[in-house]
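Following: one structure in structure tokens, then a few remarks.
The values are calculated or read from the model by the stated rules, or taken from the named source; none is laboratory data. Every value quoted in this text rests on a predicted model; they were computed, and no experiment measured them. Don't worry about glycine lacking a Cβ; one is built from the backbone with ideal geometry, like all the others, and counts go over all protein chains shown. To get the accessible areas, we keep the full protein, side chains included, count just its heavy atoms, and leave off ligands, DNA and RNA. Shrake-Rupley method; radii C 1.70, N 1.55, O 1.52, S 1.80 Å.
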Amino acid sequence: MKQIIVRPELHKFDTCKEFVQEFALGEKDLVLTNEYIYQPYFGEMGLSVHTIFQEKYGAGEPTDVMVDAIIADAAKTGYDRVVAIGGGTVIDIAKVLAVSDGGPVDGLYANVAGLEKKHPLIILPTTCGTGSEVTNLSIINRTRIGTKMGLASEQMFADHAVLVPELLGSLPFGVFATSSIDALVHAVESSLSPKATPFTKLFGYKAIEMIIRGYQRIVKEGRECLGGLMGDFLTASTFAGLAFGTAGCAAVHALSYPLGGTYHVAHGESNYAMFTGVLKNYMEIRQGGEIAVMNDYLAGLLDCSAGEVYEELEKLLNQLLPKKALREYGVTQEDIGVFTEAVMNTQGRLMANNFVPLDAARVRKIYEELY
Ligand SMILES: [Fe+2]
């Protein structure tokens with residue numbers, strides 16, 4: 001059984017300047033990023049790199065249309081290395097660029113086994129959530145078939161994952177909240193996965209501790225302390241990425257994709273909408289095993305009994321990001337049937353990692369309860 005995959009070489013620098021010098025960025029490099037990140041942190045360095053600013057191709061999470069347009073423009077630059085500096089959207093697109101032959105992304109989905117790395121890939125995350133810098137997975141909203149789907153290949157791992165806490169200096173609080181909750185969900189789902197190992201759990205449980213302790217400090221001391229905690233949150237997010245990169249995510253992510261894709265809810269927020277609802281249903285089916293270990297661990301961190309952990313966790317998370325009912329996002333009763341079908345038909349990759357199997361009736365029940 002696979003214990004843990006750590007493919008990219010991991011680096012950490014205090015400043016962007018140190019990164020640029022160490023990696024000798026130059027004219028053969030294509031930097032895929034956002035202008036609001038590039039200008040303040042790299043603009044004055046006068047680099048000879050090619051730049052593509054992702055937001056010029058559309059807002060929000062990556063779609064097939066957006067990725068195809070970026071692939072076409074990237075091909076005109078004659079780039080060698082791909083340097084991704086950004087959040088989940090930028091990183092996911094960069095992984096596709098690394099294996100792209102210049103054609104549409106649909107062709108890559110159709111030939112996953114035959115993908116080959118065409119360009120070295122360097123990833124610098126600018127949020128503290130996706131963990132995507134250490135995984136080989138890219139999530140794209142396939143608007144042509146109406147759902148978000150993961151594209152994963154050994155060839156899509158970065159060669160280098162580079163942590164620069166300076167880049168998170170101007171992260172808006174809302175993005176911090178949704179991205180760090182995503183990391184927490186990665187850590188919890190991967191630790192409950194049947195594919196979890198002592199190695200993935202070492203990173204997963206440590207990430208949970210660092211994130212919850214960080215939240216408790218923010219609640220106690222106010223948002224001003226966030227700057228000093230960013231390095232910890234960035235590390236925790238990478239820990240969670242290492243955990244789910246091997247053990248996988250599960251139903252929380254699977255159920256959140258139809259909500260995020262249909263109503264354009266940020267990934268971390270749509271996960272939060274499903275998070276405790278899924279855990280409570282696991283508990284209805286099975287109370288022993290890893291979920292008992294998890295609940296005891298959370299009880300220790302939250303200073304409550306194991307029976308109160310989901311309520312206490314929600315109380316803590318609500319102080320960063322208020323949880324909403326599905327209907328508040330515009331979800332209708334009819335959507336519940338459509339979402340359930342989408343989960344059962346297209347999210348098998350994630351649903352295979354559930355703590356206990358969840359059938360269509362159970363998925364529908366979870367949506368109903370959260371409605
Ligand atoms: Fe996620």
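Quick notes on this structure:
- R144, R362, reordered so the largest accessible area comes first (probe 1.4 Å): R144, R362
- Spin-label pair K195-L47: with each label point 7 Å from Cα along the Cα-Cβ axis, the two points sit 3.2 nm from one another.
- The angle between the Cα long axis of helix 360-370 and the longest principal axis of the Cα atoms of the chain comes to about 90 degrees, rounded to the nearest 10.
- Proximal lysines to K324, defined as alpha-carbon separation beneath 22 angstrom and excluding residues fewer than eight positions away on the same chain: K148, K280, K315, K365
- Calculated over segment 319-371, the projected area of the Cα convex hull averaged across directions stands at 4.6 nm².
- The mean sequence separation of alpha-carbon pairs under 8 Å and at least six residues apart, normalised by the residue count of segment 155-298, gives a relative contact order of 31 percent.
- Counting only heavy atoms of the protein chains and using a 1.4 Å probe, H253 has close to 10 Å² of accessible surface.
- Solvent-accessible surface (1.4 angstrom probe) belonging to C304, in square angstrom, nearest 10: 30
- Of the listed residues S190, S170, the order by accessible area with a 1.4 Å probe, largest first, is S170, S190.
- Cβ-Cβ distance of T332 and E27, R₀ of 41 Å, FRET efficiency by 1/(1 + (r/R0)^6): the value works out to about 0.20.
- Between the alpha-carbon centres of segment 281-306 and segment 182-243 there is a gap of 17 Å.
- Rounded to the nearest 10 square angstrom, V112 shows an accessible area of 50 square angstrom against a 1.4 Å probe.
- The chain, accessible surface, carbon-and-sulfur percent (1.4 angstrom probe): 52
- Overall form of segment 230-271 per C-alpha gyration tensor (a/c, 1.5; a/b vs b/c): oblate
- Stretchable slack from A75 to I4, in nm (0.36 nm times residue separation minus alpha-carbon distance): 22.1 nm
- Check: the chain dipole with +1 on Lys, Arg Cβ and -1 on Asp, Glu Cβ, in debye: 520
- Across K17/K76; K12/K206; K206/K323; K201/K323, pairs whose alpha-carbon gap is larger than 21 Å: K17/K76; K206/K323; K201/K323
- Segment 213-370: proportion of alpha-carbon pairs further apart than 22 angstrom, %: 47
- Summarising the label geometry, the points placed 7 Å from Cα in the beta-carbon direction at K323 and K118 lie 4.5 nm from one another.
- The alpha carbon radius of gyration of segment 74-191, expressed as a multiple of 2.2 N^0.38 Å, is 1.09.
- Once the Cα atoms are used to define both axes, helix 173-192 deviates from the longest principal axis of the chain by about 60 degrees.
- Intensity falloff of segment 9-168 expressed as log10 I(q)/I(0), Debye formula with alpha-carbon point scatterers, at q = 0.08, 0.16, 0.19 Å⁻¹: -0.20, -0.83, -1.20
- Whole-Å semi-axes of the ellipsoid equivalent to the chain (Cα gyration tensor, √5λ, descending): 32, 24, 19
- When all alpha carbon pairs of segment 279-327 are counted in 10 Å bins from zero, the resulting P(r) reads 25, 47, 26, 2 %.
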